[in-house]
Each structure stands twice: as structure tokens, then as C-alpha cells.
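Structure, as C-alpha cells:
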Amino acid sequence: MRILVQRVASAAVTVDGETVGRIDPDPQGLVALVGVAKDDTRARAEALAEKLWRLRILTGERSAAELNAPILVISQFTLYADTAKGRRPSWNAAAPGVLAEPLVDAVVATLRERGATVATGRFGAHMRVELVNDGPVTLLLEG
């Protein structure tokens with residue numbers, strides 16, 4: 001599993017012109033783009049969610065847990081693109097939707113169980129993501 005996390009001042013995701021998820025943190029929050037591999041497990045999803053929640057990348061080296069910062073979670077199978085050969089990415093390492101969706105849901109559920117305010121995109125939809133990256137700070141978590 002991979003989570004590309006960005007520290008943001010604001011973020012929203014729309015599907016077909018409808019806003020399906022939005023965070024307006026005061027002052028910062030996180031956007032988490034979650035990619036699932038074929039061999040990922042619920043335990044891995046829960047562990048990465050915990051790491052994301054406790055990651056000290058907000059102002060003053062504080063975490064979302066410490067500041068109760070909101071998190072926007074969006075599924076992103078393209079994090080498993082293989083671009084080593086040719087001009088067309090291969091998606092062979094990405095889990096199919098039937099396997100990936102429950103694990104993205106597990107990330108969200110784990111964050112909410114810890115007390116996080118979580119907004120989400122819509123799994124499998126064509127989404128438009130708008131965000132104001134703060135810093136910029138962008139990190140890749142893998143597990």
C-alpha cells in the first residue's frame with residue numbers, strides 16, 4: 001500500500017460537478033491519496049492509517065492526531081503505475097477494485113476510530129481534486 005500525503009490549507013474533491021468531500025482546516029490538514037497493491041492486507045491498511053494519523057508534518061512538527069487536523073482520503077490506483085518500459089504505464093501491481101475498495105475503506109475507518117475528521121472521494125469515480133498544498137509538503141508512505 002502507498003499513501004501519497006500532502007499537507008494542505010484546503011482541499012476538495014468533486015464528481016460530476018458535485019462536491020463529495022471537502023476539508024477546510026484551521027490552519028492545516030492532510031490529503032491522502034491511497035493506492036492499493038494486489039498483495040495488500042487489512043493489517044497493512046490499518047498500520048499505514050495509524051502512521052498517517054501520527055505523522056509529524058504539520059506546523060511545529062505536530063501530527064494530525066495532536067491538532068485534530070482533518071484528512072481527505074482519495075483512492076488512487078495510479079500510485080502503482082509501472083513506467084519502466086515504453087510510454088504507456090502498466091497497472092499490473094495495482095489491486096482490482098473488488099480488493100482495493102475494502103482496504104481504502106479500512107484506512108478511512110481506522111482514522112475515524114482514532115478520532116479523525118475524514119472526508120473522502122468516491123471510489124472508482126472520475127474525480128477532480130483541488131487543493132492548496134502548504135509548504136509544499138508531500139511525502140510517500142509505504143507499507
remark   = quick shape note, the chain: Cα extents on principal axes in Å, largest first -> 42, 34, 26
remark   = Given a 1.4 Å probe, the accessible area of region 27-143 per residue, as a whole number of Å², is 56 Å²
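Loop only per DSSP, at most 12 neighbouring Cβ atoms within 10 Å: give me the trypsin sites (Lys or Arg not before Pro) in region 75-143, ordered by residue number.
Values: sites: K85, R87, R112, R114, R122, R128; in loops: K85, R87, R114, R122.
Taking region 75-143 and a limit of 12 other Cβ atoms within 10 Å, the loop trypsin sites (Lys or Arg not before Pro) found are K85, R87.
Using the Kirkwood formula on the Cα atoms of region 13-80, what hydrodynamic radius do you get, in angstrom to one decimal? Walk me through the numbers on the way to the answer.
Values: mean 1/r = 0.0746 Å⁻¹.
Kirkwood hydrodynamic radius for region 13-80: 13.4 Å.
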note = Residues whose built amide H sits under 5 Å from the amide H of S10, excluding neighbours closer than 5 in sequence, are V132
query = Tell me, what ³J(HN,Hα) does each residue in region 91-97 have, in order and in whole Hz, if you take phi through Karplus 6.51 cos²θ - 1.76 cosθ + 1.60 with θ = phi - 60° and put x for Gly and Pro?
reply = 10, 4, 7, 6, 6, x, x
ask   = What GluC sites (Glu not before Pro) in region 23-64 are in a loop by DSSP, with at most 14 other Cβ atoms within 10 Å of the Cβ?
value = E61
Accessible area, probe 1.4 Å, largest first, for residues T41, T14 = T41, T14
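Using 0.36 nm times the number of residues separating R22 and A109, minus their current alpha carbon distance, what extension gain do you get?
29.6 nm
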remark   = The relative contact order of the chain, taking Cα pairs under 8 Å that sit 6 or more residues apart, comes to a percentage of 39 percent
query = Amide H of V73: which non-local residues (sequence gap of 5 or more, or other chain) have their own amide H closer than 5 Å, using H built in the peptide plane?
reply = A32, A119, T120, G121
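The values are calculated or read from the model by the stated rules, or taken from the named source; none is laboratory data. For clarity, every value in this text was computed on a predicted model and none was experimentally measured. Ideal geometry is used to build each Cβ from the backbone, glycine not excepted, and the neighbour counts take in all protein chains shown. Side chains included, ligands, DNA and RNA excluded: accessible areas come from the protein's heavy atoms. Shrake-Rupley method; radii C 1.70, N 1.55, O 1.52, S 1.80 Å.
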